[in-house]
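The values are calculated or read from the model by the stated rules, or taken from the named source; none is laboratory data. This structure is a prediction, so every number in the text was calculated from the model and none was measured. Counting neighbours? That spans all protein chains shown, and the Cβs are built from the backbone with ideal geometry, glycine included. These accessible areas exclude ligands, DNA and RNA; they are computed on the full protein's heavy atoms, side chains included. Shrake-Rupley method; radii C 1.70, N 1.55, O 1.52, S 1.80 Å.
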Amino acid sequence: MNSTRDTDGHGIHTSSTAAGNYVAGASYFGYAYGTSGGVAPRARVAMYKAIWDEGAYASDIIAAIEQAFIDGVDVLSLSFGFYGVSLYEDPLAIATFAALEKGIFVST
C-alpha cells in the first residue's frame, strides 16, 4: 500500500496510544467506563511509510528518519529494529543517535 496507512493496524494502534484524542464513554468490553485518551491527546502526528509488505530496508527507514528531521519532529517512536547486529554497526541505532544529537526524543 503506497500510503502511510499500515496493513496490520500496528502503526495506528501505537499512534493512538501516543496521541489519541479524548473519547468519552470508552470501556473495555463493558468494564471500566470513563474517558480515554492518548498520552498527548492534542499532539500532532507525522507518519512516514518505511516498512512495506514486501520487507523492510534500512535505507527506507533511514530516509523516513531523515525526513522527520527536516519536518522538525520532537519525538520519534520506533517499534522495530535489527536484531543480532552490534549497535556500532546497526544503521538504525546510528540514525537514531543522530536524532538524539539533534535534541529529538527517541522511543524504541
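Overview of values
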item	result
Neighbour-limited loop hits for chymotrypsin sites (Phe, Trp or Tyr not before Pro), the range 1-67 (at most 10 other Cβ within 10 Å; DSSP other than H, G, I, E, B)	PHE29
Signed unit charges on C-beta, dipole axis of the chain, positive-most listed residue ALA19, SER86, ALA32	ALA32
Residue-normalised accessible area of the chain, given per residue in Å² at a 1.4 Å probe	73
Extended-chain gain in nm, criterion 0.36 nm per residue less alpha-carbon gap, ASP8 and GLN67	18.9 nm
Rounded to the nearest 20 debye, dipole of the chain from Cβ charges on Lys, Arg, Asp, Glu	520
GNM top mover of GLY72, GLY55, GLY20 - the chain, alpha-carbon springs below 10 Å	GLY55
Rounded tilt (10° steps) of 58-71 against the dominant C-alpha axis of the chain	70
Apportionment of accessible area to carbon and sulfur, the chain, percent (1.4 Å)	56
DSSP beta bridge pairing in the range 5-108, given as percent antiparallel to the nearest 5	60
Residues in the range 79-108 reached by a label modelled at SER59 [backbone nitrogen below 16 Å; 7 Å Cα→Cβ]	91-92
Residues in the range 78-108 reached by a label modelled at ARG42 [backbone nitrogen below 17 Å; 7 Å Cα→Cβ]	none
